[in-house]
Amino acid sequence: MAQIPPSIIGTAAPVLAERYTHSELNSLFMANSFPGDPPEGNKEKKCLDWLRRGNHRLADPLASFGRLIAEFMDTEQSIPYASSWSAPREEKPDPRQFLASALDREGLSYQRGGMILGAHLSGPSRSLAERLRSEGIKAVEDEYQRAYAAIGSDSRAALTAACAILESVCRTYLESAGIEPPKMRGLQAVWPETARHLGLNPAAVADDDIKRILQGLYSLADGIAALRTHEGSAHGKGDTEQRRYNIEPRHARLAVHAAHTMALFVMETWSATSRRH
């Protein structure tokens, strides 16, 4: 769960108050599941109180905030112009830029469609396990989009997130199938168990071509997990600490794509196995 930073609440409240009427604010907050009755007071106070309340009572406040501002951020603002018979109007700053700048100062960014990027990029969102059961592959795609979006700006964080998402997919499968996951954390622990129970163990496959591909998946799992351990953001390495490898966006992109492909393959195999039983 990621909270809405106070600086963003302080910036968003007057911006939203300027843009919407009281009744429009009520509809907007309620439509995005912000809890409780509309707070009393002027429009700015209403936004402040509702955003603060969301931090205390929503499962993922920052994700809800992204959906709350989506219509405002994604709608093109009107562009003032001067006709031949009117004096030029002073062009006002785009109010969306105030929110974009506030997010940037917190290491976050807005992506069209209502997604806030940069939040808990060290791993998947807390609700991924539930979403996997209800939404399936769509939940995986949404999570990986967050990782892809961070590759250029924070390759190590993208790598860490991608590995953690694949691990979460494997662990969720094992738990849903009534199989006790390994006590050890990490992709290198859960992948062999997942592969074995889904019939992806190369030793159990007769076709030589498929066997080679499945053997490659084991190597990929080991490589992604090792790269995450040595070069990812999860272990608090400082900038001055000697790293094994100078990871660049292309390396992170390779690892993220590989983890994404494996996660989709697990989901599709899980679905096919469920249909057979």
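Is there a residue being assigned by TED's automatic domain parsing to the domain that holds Ala252 and over 30 Å from Gly113 (Cα atoms) anywhere in region 158-175?
yes
Restricting to region 198-221, count the residues that are surrounded by 15 or more Cβ atoms within 10 Å (Cβ to Cβ) and in contact (Cβ under 8 Å) with a residue 24 or more places away in the chain.
Selection size over region 198-221: 6.
Check every one of the helices (runs of 4 or more DSSP H) wholly within region 15-78 and list those with 2 or more residues that are modelled with pLDDT of 95 or more and surrounded by 14 or more Cβ atoms within 10 Å (Cβ to Cβ).
22-31, 43-57
The values are calculated or read from the model by the stated rules, or taken from the named source; none is laboratory data. Every value quoted in this text rests on a predicted model; they were computed, and no experiment measured them. Cβ coordinates were reconstructed from backbone atoms using ideal geometry, including for glycine residues, and neighbour counts include every protein chain displayed.
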